1. Project the alpha carbons of segment 45-110 onto their principal axes and report the range along each, largest first, in whole Å.
2. Let's test the formula: R0 of 30 Å, r as the Cβ-Cβ distance of residue 212 and residue 168. What FRET efficiency results, to the nearest 0.05?
3. Using a Cα-Cα cut-off of under 16 Å, which lysines could be cross-linked to residue 148, ignoring same-chain neighbours fewer than 8 residues away?
4. Output the DSSP H helices from the chain with an along-axis C-alpha extent of no less than 15 Å and a mean Kyte-Doolittle hydropathy no less than -0.5.
5. Evaluated at 37 °C with a viscosity of 0.692 mPa s, what Stokes-Einstein diffusion coefficient in µm²/s does segment 46-187 have when Rh comes from the Kirkwood expression over alpha-carbon pairs?
6. What number, rounded to the nearest 500 deg cm²/dmol, is the helix-based mean residue ellipticity at 222 nm of the chain, given -39500 (n - 2.57) per DSSP H run of at least four residues and division by all its residues?
7. How much length is gained if the chain between residue 149 and residue 202 is pulled fully straight, taking 0.36 nm per residue apart and subtracting their Cα-Cα distance, in nm to one decimal?
8. Once fully extended, how much extra length lies between residue 119 and residue 220, figured as 0.36 nm per residue of separation less the alpha-carbon to alpha-carbon distance?
Amino acid sequence: MESVWETALKTLLGFSVLLLLTRLLAKKQLSQMTLFTYITGIALGNIAGEMVLDNKIRIADGITALALWALLTYGIEHLSLKSPKARVLLDGEPTIVIRNGKILERAMASCKLNMDDLTMLLREKNVFSVREVDYAILEPNGKLSVMKKPEYDFVTRKDLNVPYSRPAYMPTELVVDGHVVARNLRELDLSREWLERELRKFGAQSAHDVYFAELESDGTVHVDLKSERP
């Protein structure tokens, strides 16, 4: 019978290997979740779970299975980057479901999409009426891209000829839960002394008094103090 220590060792090894492998695959897994990447993610988790719980599976066999599955997945993803045909075969193609304001019934049927699904996806894009839509495209990851008709689209500063300029900064976290985000300060070429001066303007003696601080696009700092000081 497998000892507790052996189970703990398998758990630790399985967790470590799974963490390493998902670091290699996670960006595609999370940001472009297609059916194929979704299945590979589940499979990796199942293999790791079986290795830990099934005492008939040796550690070496489990790690080999994890590594081989991840290697195959990585190889397929690399192939899809190099070959458009392979990419279409693996991930599918975007499908136009509304063209020039007309719902394409055949396209809807081919995607196994009904009107309830379509209206739900439109509402996620803050579109509450189909008549506002000029084009709608169902992406391979199941998300809907929407282009509104011109009369329903948002008016921009350019449309109104309102002067505008590029923001000086991208909004960036400076302090989170009392801890200074040093990496962001370095990237912005800002010093801790500057940050402390800015925080004192809001009554904070130090970063420990701050729950959240953010550099805004115009160079100002937004500060949210902790409700209870330490």
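1. Here the spans come out as 59, 28, 13 Å, largest first.
2. E between residue 212 and residue 168, to the nearest 0.05, is 0.90.
3. Qualifying lysines at Cα under 16 Å: 102, 125.
4. 4-31, 35-53, 59-82
5. Rounded, D is 159 µm²/s.
6. So the helix-based figure for the chain works out to -15500 deg cm²/dmol.
7. Fully extending the segment from residue 149 to residue 202 adds 14.5 nm.
8. Extra length available between residue 119 and residue 220 comes to 32.3 nm.
Coordinate-derived values only; no laboratory data. These figures come from a predicted structure and were not determined experimentally. Every residue, glycine as well, gets a Cβ built from its backbone with ideal geometry; the counts of neighbours run over all protein chains shown.
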